[in-house]
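Let me begin by presenting the structure, written as C-alpha cells, before commenting on it.
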Amino acid sequence: MTFAANMALVLLALIIGLAVKSKSPEISTLISVALCLYIISISVSRLRVISQMIARISEYMNVEQSYIAVLLKMVGISYICEFASGISKDAGYTAAASQIELAGKLTMLAVGLPVVLSVIDKIVRLLA
C-alpha cells in the first residue's frame, strides 16, 4: 500500500475514533491503540530501509558497526517510549506517561554511555 493510502486509512480510523469517543470511550481507546500499532508497523518497514542506508554509509566512512547498532537501539528505544507515553496520555495516565519518558531517556543514556567512554578512551590515548 502506498504512503498516501496508509495515511488515508489512518485519518479514517481517527475520524471513527473521534465519532465513537463520546458514546464509548473504551472502544475509542482500542481504536487508538490499534491505530498506533498500525502506524508502528508502517514505521518499522521504513526503519529497515533507513538501517540499510546507514549500513552503506558506515562502510564508506569506516565507522564501527557497534556505533551504528547503538544508534539504532537508541532510535528504537525512543520510538517505543514515545508510543507507550502517547497511549498512556490518551488513557488519562499522564503521570505514568512522564515516567515512561524518563525511563526512556535513562535507558538511552545507559545504552549510549559505552560509546562516550570509547571516544574518551581514544582521546586519552591520542593525548598520551
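Among the residues of the stretch 97-128, those that are among the small types (Gly, Ala, Ser) and over 19 Å from the mean Cα position of the chain (by Cα) comprise Ser118, Ala128. Scanning the stretch 74-128 for residues that are of a type in the set (S, T, N, Q) and either over 19 Å from Glu64 (Cα atoms) or touching a Cys at 6+ places or on another chain (Cβ under 6 Å) (or both) yields Ser78, Ser85, Ser88, Thr94, Ser98, Gln99, Thr107. Number of residues in the stretch 1-32 that are closer than 21 Å to Ser45 by Cβ and β-branched (Val, Ile, Thr): the value is 2. Within the stretch 1-44, being β-branched (Val, Ile, Thr), surrounded by 14 or more Cβ atoms within 10 Å (Cβ to Cβ) and over 22 Å from the mean Cα position of the chain (by Cα) holds for Ile16, Val20. Only helices (runs of 4 or more DSSP H) whose full extent lies in the stretch 1-105 are considered here, and the ones with at least 3 residues that are free of Cβ contacts under 8 Å to residues at least 40 places away in the same chain and not assigned by TED's automatic domain parsing to the domain that holds Lys122 are 3-21, 25-61.
Look at (1) farther than 18 Å from Val33 by Cβ; (2) loosely packed, with under 15 Cβ neighbours inside 10 Å and you find that Thr94 fails only one, number (1).
The values are calculated or read from the model by the stated rules, or taken from the named source; none is laboratory data. Please read all numbers here as calculations on a predicted model, not as lab measurements. Cβ coordinates were reconstructed from backbone atoms using ideal geometry, including for glycine residues, and neighbour counts include every protein chain displayed.
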